[in-house]
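The values are calculated or read from the model by the stated rules, or taken from the named source; none is laboratory data. Note that the structure is a prediction, hence the values are computed from the model and not measured. So basically every Cβ, Gly included, is an ideal-geometry build from the backbone, and we count neighbours across all protein chains shown.
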Amino acid sequence: MNPKDLATTAKNTWCPGCGNFSILSAMRSVLAELDGEGYPIENVVLVSGIGCHAKIVDYMNVNSFYSIHGRTLPVATAIKIANPNLKVICFSGDGDSLAEGLDHLIFAAKRNIDLTLILHDNRVYGLTTGQYTPTSPQGFKGKSTPAGTNEHPLNPLELMLVSGASYIARGYTHGIEQLQKLFKEAILHRGFSFVDVLQVCVSYNNLYESYNKWTYTEQGNDAASFEEAQKIIRSWNYDRSEVPIPLGKFYEIDAKRFDQSFPEYRPNLSERDSKIKTLLENFI
Amino acid sequence: MDNFSTLIGGIAGDGINEAGITVSRLFSRLGYHIYMYYDYPSLIRGGHNFSIVRASGQKIAAHMDRIDVLVALNQETVEKHTSRLKDRSFVIYDADKVKLDDTKHKGCGLTITQILKEAAAPAVMKNTCIIGGYCKVVGIDWAVLEDVLKKHMPKKLDLNLLVARQGYDQATEFCHIDSHLEKQDQKPLPIITGNQAISLGLIKAGLGAYVAYPMTPSSSVLDFMAKFGPQFGLKVIHPESEIAVMLMAQGFAYAGFKAAVGTSGGGFCLMTEGLSLAGMAEMPVVVVMAQRTGPSTGLPTYTAQGDLHFVLNAGQGEFPRFIVAPGDAEEAYYWSCVALNMAWKFQVPSFVLTDKIVSESQYSFDIDNAGDLTGELKEQAQQAPLLWDGQGTYKRYIYTETGVSPLVFPPQKGQVIKTDSYTHDESGITSEDPQITRETSDKRQRKGQFMAADLERYETVKVFGDEKSKTALLCWGSNKGACMEAAIKLGLRVIQVLVLSPFPERKLKDALQGVERLLAVECNSTGQLARLAAFYGIKIQAQDQILKYDGRPFSVEDLLAQLGRALA
C-alpha cells in the first residue's frame, strides 16, 4: 500500500508550515507499512478530539471517530474493548487531553489499555486563536493571559509515567523519520502508548528555532527502567527552554492490560431468553 | 379486606430492605401480588429505614399509609409509625429495645437480644428472628419461612433457622392471613425492582455493554449488570465519570455493540455533552435516567418527577430522541427492550425515564405478562438494526427516505467507516457547506418522523379504570399505581402517557375522548407533563394539577384525599 492511498478528498485547512503535516505524513507511512506486515488497514480505527489536531481524521481514508473536545480516550477505550482485534489510535491536543480530558488520560494510563495516543503538543490553543494550554511555559502571553500565565506547565510524560502508561516517547515534527519509528513502536506496543509530539504552531507559538537548538535524541537509555525514564523525563519540564530537550523512547514495559479482562462470549437472543427465565428463579 | 400491609422499621444496617424482601417472598409463595416501598435516608449506618410490604390478590404498584402489622426493631419505629395502625393492627417488636404502650396497641415483644445471645448469633440476625415471630403473628406456616430462608440465606443457614424458629415459637398468633386476604392460586412470582426489570429488558433486546458511574437511584442497574452480566456476555464498565460513560457507550456503538448507560439527574448533566454527540453522530445509546429529588444533590434517596423537560431538551442543537417512562417493573422490562431497539432502529439516543419509586421498589414480576414481546412485536423487539448490504462504497451517513443510514462495523475490507461530531457529508467527512448543513438537519428530523410513525403500533398511551368516565387522571411513571387504585375507588378514568418523545399526540387525544375534566397527577411542583400536554392544546387548570414534591411518593390514601378535595 502506498501512503498516498490513505489520502481523502477533504481540503486540508492547516496553516502552511504547520507541524501537523509531519504527523499526518508519518502516520500515513506507518499505517501503509503496517498494512503490508499483517496489520490490515481496515483493522485500524482513528479517534480524534477537537482542535487543529483533530482534522487529521478527515485527511486519512481510514476508519475514524471524530469525537468531541477532550473525549478521544473514552471512545477509543470502548472500541478496543468491543473488538480487541482493532488497532485504535488516538490523536489529541494538549488542550484536549491535558485540560478538558485530563481524567480520561490518567485513567487510560492507569488501565494500561491497549491504545496509542499521539499528543499534538503545540503548547497553544490554535483553533481558538492563541490561548495558553497546560504545557505552555509560565509567563506565556496568550489572548486569555495578556500579562503572562501565572502557573507552571504540566509535564505530561511524567504524569503518564506515574499513572501507569507502559510506552512513553517524545518526538518533534522536524524529525519525521523518528516520528515514524516512534509511531510504529507505539502502535505495535501492547498496552497504553503515549507519544508526545512537539508540534509547532506557526501562527501562535512558533518554537522552531528553540526546538531546533535544544532537542536531541536520547541514545542507549534503558527504557525498562522506571528511574532512568523518570530522570530523562524530568530533565526538561516544559517551562524553561534553555535546557536540552530529550527525544526518543523513554519507557517501555510489558504490563497487564484492562482490555484483557472482558468476556468474549456473546449469547444469541434465544439463549438470552432461557437464561433470563433461569435467573428469575433466583428472585422467587 | 383485599390487601395487607406490613411496615418493618429500624436503623440503616439492620437489613430493613432485605427483611422487606423476605416478607415479600413469603406472600409471593402464598400466591399474592406484592409491592414494596423502601424508605431510607442517605447514610450507611444509623438513621431510620423502613419498608412497607403490601400484599394483594390483584396487581398493585403503590403503598398504603395504614398498616396491619408493624415490625419494630427500634423505639423510633414505634414512635414514627404507630399513627399508621388501624383499630385491629398488631405490633411485633424487639422487647429488649422497644417499649410499647399495651393499653393502646396490641402487640407482642420478642426477647431478641437474649435469643441471639443464647444462639451465639450476630446482631444482624435480629431481622431473621423477628421475621420468624412475624410469621407466627400473621399465621404463615413455618414451612413457608423455612423454604424462603433455605433458598435465600444459604450462608449460616442453620443459625438463621434457629433464631427464626425461636422467634416463631415465642410469638403469639394475632391473625391468620387467609382471614385478611382471599386465598390465591397464582404461581409464586419473582420479586424484583424496576431497575432489575430494566436490566433484564435491555439484556433481552441484545445488550452487549453497560457503562455507568454509580448514582442513586440508578446504581442498582450497575450492580445487577456487574453481577449477572457476564453470563450474558455483557461488558460492564464503571469508568471515571459520567462524561466517560456517555462517550464509551458511543465507542461501543461504533464497534457494533448495543450499549446502555444509567444515571440520575446530576450525572445526566455531565452526559449531555456526549448526548448531543450521539444526536449528531447518530449513535444509538440507551440512557436509564432515574429521577430523584432536585435541584442539585437534592434528596439523593427520595423520589421526584422533576427532570422530564430536562431530558426532553438536553443537549445542544436539534435531534430526535425516544423517551419512555414505565410505571412498574413489567412495563420497565418491556419498554427497556423496546427502547434499546428504538435506539438502534433509528440511531438515536433512547431514554428509560424512571424515578426512585419505579427504580427501587420491589414488584411481583410476571415475565409472561410483561407486554407482548412474542406476538406481533417480536420482530420489532428483537430485530437487527438496518445493516449495509455490502454493495458499492460504504457511506456512513448516506441519505435515505427514512433518514436512517445503514450501519456496518469495522473491520470491513476495502471500506472506510467514518463518524463525525462536526456537521458532515454522507461519507462522514467534515463540511461547513450550507446545503449539507440543511440536508443533514432534515435527515435527522426525518428519523424522528419515522420513529413517531413506527410507534403507532405500540401502546404508548394506556387507559385504565372507568373508561367511560368524564373525569380522568393524567399521569406518567410511578404514579400509575396510585392513580389506578384511586380511580377504581372513585370511578374515574386513568390515562397513562408512557412515551413522552416522540409525543403520542393522537393517541392521547383519542384517550381523552369524552373527558370533560382532566386532572394531572405528578411528583413535581410545576406540572411538567401538564406543560407538555398544553403544547399540544390539552389544557389542565392549575387547580386540577395534583402535585406532590416532598420527595415521597403518593400513597393510595394520600391521592384519594387530594382528589376528594379537588373534586368536591
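Answer with yes or no whether B:LEU207 is part of a helix (DSSP H, G or I) and either more than 8 Å from every other protein chain (Cβ to nearest Cβ) or closer than 25 Å to A:LYS87 by Cα (or both).
In short, no.
Would you mind listing the strands (runs of 3 or more DSSP E) fully within region B:1-91 where at least 1 residues are buried (at least 24 other Cβ atoms within 10 Å of the Cβ), at pLDDT below 95 and of a type in the set (Ser, Thr, Tyr)?
none
Could you grab me the full set of residues in region B:240-252 that are crowded, with 22+ Cβ neighbours inside 10 Å and either in contact with a Ser or Thr (Cβ under 9 Å, 6 or more places away or on another chain) or assigned to a loop (DSSP other than H, G, I, E, B) (or both)?
Residues satisfying the conditions are B:GLU242, B:ALA244, B:VAL245, B:MET246, B:LEU247, B:MET248, B:GLN250, B:GLY251.
Taking A:ASN112, is it under 30 Å from B:ASP425 (Cβ atoms) and over 12 Å from the mean Cα position of the chain (by Cα)?
no
Output the residues belonging to region A:116-162 that are closer than 22 Å to A:ALA229 by Cβ, polar (S, T, N, Q) and either buried (at least 22 other Cβ atoms within 10 Å of the Cβ) or over 22 Å from the mean Cα position of the chain (by Cα) (or both).
A:THR116, A:THR135 - these are the residues of region A:116-162 that are closer than 22 Å to A:ALA229 by Cβ, polar (S, T, N, Q) and either buried (at least 22 other Cβ atoms within 10 Å of the Cβ) or over 22 Å from the mean Cα position of the chain (by Cα) (or both).
I'd like to check something: does region A:108-117 contain any residue that is touching a strand residue (DSSP E or B) at 6+ places or on another chain (Cβ under 7 Å), hydrophobic (A, V, I, L, M, F, W, C) and part of a strand (DSSP E or B)?
Yes; the residues of region A:108-117 include at least one that is touching a strand residue (DSSP E or B) at 6+ places or on another chain (Cβ under 7 Å), hydrophobic (A, V, I, L, M, F, W, C) and part of a strand (DSSP E or B).
Which count do you get for residues in region B:210-231 that are at pLDDT 95 or above, touching a helix residue (DSSP H, G or I) at 6+ places or on another chain (Cβ under 7 Å) and assigned to a helix (DSSP H, G or I)?
5
Please give the number of the condition B:LYS227 fails out of (1) facing chain A (nearest Cβ under 7 Å); (2) within 20 Å of the chain's Cα centre (by Cα); (3) of a type in the set (Lys, Arg).
Failed condition: (1).
Consider only pairs whose beta carbons are under 6 Å apart and that are at least six residues apart or on different chains; among these, list those whose first residue lies in region B:38-49 and is of a type outside the set (Phe, Trp, Tyr) and whose second residue is assigned to a loop (DSSP other than H, G, I, E, B) and surrounded by fewer than 15 Cβ atoms within 10 Å (Cβ to Cβ).
B:ARG45/B:GLY13; B:GLY47/B:PRO41
Restricting attention to region B:383-405, report how many residues are surrounded by fewer than 19 Cβ atoms within 10 Å (Cβ to Cβ), farther than 20 Å from A:ASN43 by Cα and under 37 Å from the mean Cα position of the chain (by Cα).
Counting residues in region B:383-405 that are surrounded by fewer than 19 Cβ atoms within 10 Å (Cβ to Cβ), farther than 20 Å from A:ASN43 by Cα and under 37 Å from the mean Cα position of the chain (by Cα) gives 7.
Kindly provide the set of residues from region A:73-104 that are under 24 Å from A:ARG123 (Cβ atoms) and within 9 Å of chain B (Cβ to nearest Cβ), ordered by number.
Selection gives A:LEU73, A:ALA76, A:GLY101, A:ASP103, A:HIS104.
In region B:268-280, which residues are crowded, with 24+ Cβ neighbours inside 10 Å and not hydrophobic (A, V, I, L, M, F, W, C)?
B:GLY274
Checking A:MET1 against (1) touching a Gly at 6+ places or on another chain (Cβ under 8 Å); (2) surrounded by fewer than 20 Cβ atoms within 10 Å (Cβ to Cβ); (3) facing chain B (nearest Cβ under 9 Å), which single condition isn't satisfied?
Against the list (1) touching a Gly at 6+ places or on another chain (Cβ under 8 Å); (2) surrounded by fewer than 20 Cβ atoms within 10 Å (Cβ to Cβ); (3) facing chain B (nearest Cβ under 9 Å), A:MET1 comes up short only on (3).
Of all residues in region A:105-136 being within 14 Å of chain B (Cβ to nearest Cβ) and β-branched (Val, Ile, Thr), which is nearest to A:LYS87 (Cα to Cα)?
In this case the residue turns out to be A:ILE113.
Go through the residues of region A:191-208 one by one and say whether even a single one is over 20 Å from A:ASN155 (Cα atoms) and free of Cβ contacts under 8 Å to residues at least 60 places away in the same chain.
No, that holds for no residue.
What residue, among those in region B:253-280 that are more than 30 Å from B:SER427 (Cβ to Cβ) and part of a helix (DSSP H, G or I), is farthest from the other protein chains (Cβ to nearest Cβ)?
For region B:253-280, the residue satisfying everything is B:GLY265.
Of the conditions (1) buried (at least 21 other Cβ atoms within 10 Å of the Cβ); (2) within 10 Å of chain B (Cβ to nearest Cβ); (3) over 28 Å from B:GLY208 (Cα atoms), A:MET27 fails just one. Which one is it?
Failed condition: (2).
Just to be sure, is B:ILE191 crowded, with 23+ Cβ neighbours inside 10 Å, more than 14 Å from chain A (Cβ to nearest Cβ) and either in contact with a helix residue (DSSP H, G or I) (Cβ under 7 Å, 6 or more places away or on another chain) or not polar (S, T, N, Q) (or both)?
no
Which residues, counting only those in region A:67-115, are in contact with an Asp or Glu (Cβ under 6 Å, 6 or more places away or on another chain) and closer than 21 Å to A:LYS256 by Cα?
A:LYS80, A:ILE81, A:PRO84, A:ASP103, A:PHE107, A:ILE113, A:ASP114
Name the residue that is surrounded by the fewest Cβ atoms within 10 Å (Cβ to Cβ), counting only residues in region A:64-88 that are polar (S, T, N, Q), in contact with a strand residue (DSSP E or B) (Cβ under 9 Å, 6 or more places away or on another chain) and in a loop (DSSP other than H, G, I, E, B).
A:ASN83
Confirm whether A:ILE50 is in contact (Cβ under 8 Å) with a residue 40 or more places away in the chain and aliphatic (A, V, I, L, M).
Answer is yes for this residue.
Suppose we filter B:ILE21, B:ILE16, B:ILE60, B:ILE11 for residues that are under 21 Å from the mean Cα position of the chain (by Cα), farther than 17 Å from B:GLY132 by Cα and among the aliphatic types (A, V, I, L, M); which single one remains?
Only one candidate qualifies: B:ILE60.
Scan region A:59-99 for residues that are out of contact with any Lys or Arg (no Cβ under 6 Å at 6 or more places or on another chain) and among the small types (Gly, Ala, Ser) and jot them down.
Listed by number, the residues that qualify are A:SER67, A:GLY70, A:ALA76, A:ALA78, A:ALA82, A:SER92, A:GLY93, A:GLY95, A:SER97, A:ALA99.
Can you work out which of the residues in region A:38-63 that are part of a loop (DSSP other than H, G, I, E, B) and β-branched (Val, Ile, Thr) is farthest from B:TYR422 (Cα to Cα)?
Filtering region A:38-63 for residues that are part of a loop (DSSP other than H, G, I, E, B) and β-branched (Val, Ile, Thr), the one farthest from B:TYR422 (Cα to Cα) comes out as A:VAL62.
From B:THR430, B:THR437, which residue is surrounded by fewer than 16 Cβ atoms within 10 Å (Cβ to Cβ) and over 38 Å from the mean Cα position of the chain (by Cα)?
B:THR437
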